[in-house]
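Structure first, commentary second.
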Amino acid sequence: AELYGVSEWGAGFFGISPNGDLQVTAEPGNFTNAVSIPEIIAGIQARGLDMPVLLRIENLLETQISLLNTNFLTAIKSLNYKGSYLGAYPIKVNQQQQVVEAVTHHGKKYHHGLEAGSKAELIAAMGMHTDDESVLVCNGYKDEEFINLGLHATQLGYNCVLVIEMPGELPLIIERSKALGVKPILGVRVKLSSQANGLWAESGGDRSIFGLNAAQIVDIIDRLKDADMLDCLQLLHYHLGSQIPNIREIRNGVAEASRVYAGLVAEGAGMRYLDLGGGLAVDYDGTQTNFMSSRNYSVDEYCVDVVEGVMTVLDEQEVDHPIIITESGRALVAYYSMLLFNVLDTARFEPEPLPDSLPEDTYIHTQHLFETLQSLNLRNVQACFNDILYYRDEVRQAFNQGKITFRERALGEHVYWQTIRRIAALARELPAIPHEFEGIIQTLSDIYYCNFSVFQSLPDAWAIGQLFPIMPVHRLNEPPTREGFLADITCDCDGKIDRFIDRQGVKRTMPLHALREMEQYYLGAFLVGAYQETLGDLHNLLGDTNIVTVRIHEDGKFDFVGEMEGDTVEDVLSYVEYDTKALLTRFRETAEKAVRKGMITPNQRREILQAYKAGLQGYTYLEG
Ligand code: PLP
């Protein structure tokens with residue numbers, strides 16, 4: 001378990017069974033009735049679905065919704081906070097109907113609401129929302145249609161808050177509210193000067209593209225006063241960014257926002273809600289630090305610090321405690337999904353052994369390489385590394401200048417790679433591996449070719465270097481004997497995962513098991529429920545994967561409660577505007593011409609056409 005850090009990043013949901021299977025439980029920390037992931041894979045295959053598969057476990061989402069709400073309720077009670085807490089799930093984090101349904105259905109007992117940042121999200125939210133006590137927060141830039149929809153929601157009794165993101169939105173809101181005869185609930189998004197660190201930190205700070213500065217908010221207040229609508233301004237919103245690893249930055253944001261809130265109360269606005277946006281981080285690497293892929297606080301600490309932070313400022317200013325809203329997305333949905341995929345093949349870097357000596361007429365710099373290899377030891381490893389780079393370049397140059405043959409160049413490179421192998425072995429014995437050796441260790445490691453697309457299924461790993469826990473889902477009672485990184489099936493040199501979670505931060509390779517004859521080897525990428533699905537793209541026309549949803553029961557049995565086939569080739573071709581019927585017609589004609597020219601028989605034509613049609617209807621990933 002320790003090798004892959006399951007107990008550290010798994011939040012109690014994942015564990016390893018005595019027979020070496022990765023297992024998942026609906027009750028964090030209790031594995032009595034846990035379900036084996038290889039067993040789920042067997043069930044998926046029995047249903048005729050191929051890998052890769054995005055597996056969602058319904059219970060995990062529900063547990064996370066409860067965890068956040070109960071922690072806030074506990075903090076409120078224990079600190080004697082006079083206001084309350086309401087969650088607003090930001091639809092953008094995972095827009096799938098199943099997810100939004102789970103939030104509105106399971107979250108109903110906590111009045112967990114929704115946050116929409118576009119018209120499409122608002123329309124989805126209005127159709128899913130059923131609870132008059134929850135909030136529906138509308139962020140994002142708004143046109144007349146967006147504003148009208150929000151006002152209609154208010155007419156239907158939703159607590160729908162139109163958050164002003166740009167000064168120009170206010171005149172339109174005032175005009176539309178008057179036209180429809182609706183008293184709107186308004187919010188303002190403030191640009192705080194507090195800023196967070198992390199991969200997604202640019203949502204906060206003075207240079208953030210979102211929100212209003214102090215002068216713009218004062219102007220909004222004045223204009224609302226003039227329109228006799230200042231009581232409509234009820235919510236203050238800010239968002240410092242997603243995945244904030246450091247609790248200090250969260251506390252700074254809360255303190256500054258609470259002061260702004262008190263300022264708005266003093267101005268006479270009808271303030272009720274303080275909305276902190278998202279930012280509650282997920283501990284992807286399990287280090288519990290302020291590394292980008294971690295967080296140095298627990299959910300419980302987050303809730304206590306937020307409630308306490310608001311109280312401290314507002315008590316001092318003698319302002320009533322507001323309803324605290326958070327728009328946590330990542331922390332609710334990340335655990336819910338995992339990507340399961342099979343390894344197709346591996347490439348090992350193992351040059352043939354060298355002879356004891358080289359022929360006398362060997363090119364001089366190849367001889368130098370050979371001598372360096374023989375003198376190599378732990379003390380001179382760095383000097384030897386520098387030398388062999390020089391000699392290797394000399395060998396290559398000699399070849400380019402026509403001084404040595406291709407075979408002589410090959411011998412020089414062969415000696416070079418054997419020396420690199422030896423350097424890598426010695427580097428592992430050093431107390432700390434020098435940075436420049438990490439690259440060579442990776443060069444020598446195995447490549448595991450895997451049946452998935454980084455661009456479709458783990459886009460943040462490619463785009464911004466996000467780390468996800470990745471590990472085999474079986475054979476975990478067997479020590480892995482190989483070190484490797486993963487290549488996907490896109491034909492793109494970025495289509496790889498070569499950064500893995502590690503207690504020190506990041507590792508370039510991961511331990512893996514050797515493949516066995518006639519046996520599949522399955523890996524999983526975990527905590528992929530947030531942002532990855534809709535950010536994924538069609539690079540190389542690899543489409544949506546198959547999706548399976550499972551519910552775990554108290555007795556450890558599980559049901560397949562949802563099954564969605566991934567894109568077919570026909571689907572992805574139509575996304576890039578092919579007319580697949582026309583493709584087929586043209587292909588038929590090409591095949592007919594081949595018959596006429598005697599290149600194939602009519603029977604062969606039939607087989608070829610059948611294969612083409614089956615290909616159109618098939619999965620975009622490797623099957624079988
Ligand atoms: N609210 C707003 C306005 C956002 O832009 C985002 C995403 O960045 C979120 C909430 C969700 O943040 P998180 O996933 O960190 O909870």
Subject >> Index of the failed condition, Ala331 passing every other in (1) within 16 Å of the ligand (Cβ to nearest atom); (2) more than 24 Å from Ser7 (Cβ to Cβ) >> reply: (2)
Subject >> Hits in the stretch 290-320 (condition: among the hydroxyl-bearing types (Ser, Thr, Tyr), buried (at least 17 other Cβ atoms within 10 Å of the Cβ) and away from the ligand (no atom under 16 Å from the Cβ)) >> reply: none
Original post:
If you go through the stretch 88-126 one residue at a time, how many are in a strand (DSSP E or B) and in contact with a helix residue (DSSP H, G or I) (Cβ under 6 Å, 6 or more places away or on another chain)?
Top reply: 3
Subject >> Some residue of the stretch 321-342 being among the aromatic types (Phe, Trp, Tyr) and either in a loop (DSSP other than H, G, I, E, B) or surrounded by fewer than 19 Cβ atoms within 10 Å (Cβ to Cβ) (or both) >> reply: no
Original post:
In the stretch 369-384, how many are over 45 Å from the mean Cα position of the chain (by Cα) and surrounded by fewer than 19 Cβ atoms within 10 Å (Cβ to Cβ)?
Top reply: 3
Original post:
Just to be sure, is Pro351 within 30 Å of Gln418 (Cβ to Cβ), free of Cβ contacts under 8 Å to residues at least 12 places away in the same chain, more than 16 Å from the ligand (Cβ to nearest atom) and assigned to a loop (DSSP other than H, G, I, E, B)?
Top reply: no
**OP:** From the list Ile420, Ile433, pick out the single residue that is surrounded by 13 or more Cβ atoms within 10 Å (Cβ to Cβ), without any contact (Cβ under 8 Å) to a residue 24 or more places away in the chain and among the hydrophobic types (A, V, I, L, M, F, W, C).
**Re:** Ile433
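With the structure loaded, tell me whether Ser177 is in a loop (DSSP other than H, G, I, E, B) and either away from the ligand (no atom under 16 Å from the Cβ) or without any contact (Cβ under 8 Å) to a residue 24 or more places away in the chain (or both) or whether it fails that test.
When the stated conditions are applied, Ser177 does not pass them.
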Original post:
Looking only at residues in the stretch 28-38 that are part of a loop (DSSP other than H, G, I, E, B) and without any contact (Cβ under 8 Å) to a residue 24 or more places away in the chain, which one is surrounded by the most Cβ atoms within 10 Å (Cβ to Cβ)?
Top reply: Phe31
**OP:** Find the residue count for the stretch 97-128, including only residues that are crowded, with 22+ Cβ neighbours inside 10 Å and more than 13 Å from Leu332 (Cβ to Cβ).
**Re:** 3
Subject >> Meets criteria (touching a residue at least 24 places away in the same chain (Cβ under 8 Å) and either acidic (Asp, Glu) or in contact with an Asp or Glu (Cβ under 7 Å, 6 or more places away or on another chain) (or both)) for Glu371 >> reply: no
Subject >> Unmet criterion (only one of (1) closer than 14 Å to Val548 by Cβ; (2) modelled with pLDDT of 95 or more) for Gln96 >> reply: (2)
**OP:** Could you name every one of the helices (runs of 4 or more DSSP H) located completely within the stretch 549-624 that has at least 2 residues being free of Cβ contacts under 8 Å to residues at least 12 places away in the same chain and among the hydrophobic types (A, V, I, L, M, F, W, C)?
**Re:** 580-596, 602-617
Original post:
Of the conditions (1) closer than 26 Å to Gly309 by Cα; (2) within 16 Å of the ligand (Cβ to nearest atom); (3) over 22 Å from the mean Cα position of the chain (by Cα), Lys119 fails just one. Which one is it?
Top reply: (1)
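Tell me, yes or no, whether the stretch 477-493 has at least one residue that is basic (Lys, Arg) and surrounded by 12 or more Cβ atoms within 10 Å (Cβ to Cβ).
yes
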Original post:
Among the residues of the stretch 196-214, is there at least one that is part of a helix (DSSP H, G or I), under 21 Å from Leu314 (Cβ atoms), more than 16 Å from the ligand (Cβ to nearest atom) and without any contact (Cβ under 8 Å) to a residue 60 or more places away in the chain?
Top reply: yes
Original post:
If Ile552 satisfies every condition in (1) under 23 Å from Asp494 (Cα atoms); (2) among the aliphatic types (A, V, I, L, M); (3) in contact with a strand residue (DSSP E or B) (Cβ under 7 Å, 6 or more places away or on another chain) but one, which is the exception?
Top reply: (1)
**OP:** Consider only pairs whose beta carbons are under 8 Å apart and that are at least six residues apart or on different chains; among these, list those whose first residue lies in the stretch 132-155 and is away from the ligand (no atom under 16 Å from the Cβ) and whose second residue is in a helix (DSSP H, G or I) and among the β-branched types (Val, Ile, Thr).
**Re:** Ile147/Ile173; Leu149/Ile123
Subject >> Qualifying residue in the stretch 245-264 (condition: within 16 Å of the ligand (Cβ to nearest atom), among the small types (Gly, Ala, Ser) and either surrounded by fewer than 18 Cβ atoms within 10 Å (Cβ to Cβ) or under 19 Å from Val313 (Cα atoms) (or both)) >> reply: yes
Original post:
From the set of residues in the stretch 436-468 that are among the aromatic types (Phe, Trp, Tyr) and assigned to a loop (DSSP other than H, G, I, E, B), which is surrounded by the most Cβ atoms within 10 Å (Cβ to Cβ)?
Top reply: Phe452
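Filter the stretch 332-384 for residues that are of a type in the set (Ser, Thr, Tyr) and touching a helix residue (DSSP H, G or I) at 6+ places or on another chain (Cβ under 6 Å); which is farthest from Gly412 (Cα to Cα)?
As a first pass, look at the stretch 332-384 and keep what is of a type in the set (Ser, Thr, Tyr): 335-337, 346, 357, 362-363, 366, 372, 375.
Those still in the list that are touching a helix residue (DSSP H, G or I) at 6+ places or on another chain (Cβ under 6 Å) too: 335-336, 363, 366, 372.
On the way: Tyr335: 50, Tyr336: 52, Tyr363: 8, Thr366: 5, Thr372: 12 Å.
Residue satisfying both the conditions and the ranking: Tyr336.
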Subject >> From the options His152, His239, residue that is assigned to a loop (DSSP other than H, G, I, E, B) and either more than 31 Å from the chain's Cα centre (by Cα) or not hydroxyl-bearing (Ser, Thr, Tyr) (or both) >> reply: His239
Original post:
For the stretch 265-289, what are the residues that are among the acidic types (Asp, Glu), within 16 Å of the ligand (Cβ to nearest atom) and within 20 Å of Val163 (Cα to Cα)?
Top reply: Asp275
Original post:
Restricted to the stretch 458-495, and to residues that are touching a residue at least 60 places away in the same chain (Cβ under 8 Å) and polar (S, T, N, Q), which residue is nearest to Met338 (Cα to Cα)?
Top reply: Gln466
Original post:
Quick one: which of Gln466, Gln520, Gln504 is among the polar types (S, T, N, Q), farther than 30 Å from Ala614 by Cβ and away from the ligand (no atom under 16 Å from the Cβ)?
Top reply: Gln504
**OP:** Select from the stretch 469-495 the residues that are in a strand (DSSP E or B) and either among the acidic types (Asp, Glu) or in contact with a Ser or Thr (Cβ under 9 Å, 6 or more places away or on another chain) (or both) and list them in ascending order.
**Re:** Arg482, Glu483, Gly484, Phe485
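The values are calculated or read from the model by the stated rules, or taken from the named source; none is laboratory data. In this text the structure is predicted, and so the values were computed from the model without any measurement. Note that each Cβ is placed from the backbone with ideal geometry, even for glycine, and that neighbours are counted across all protein chains shown.
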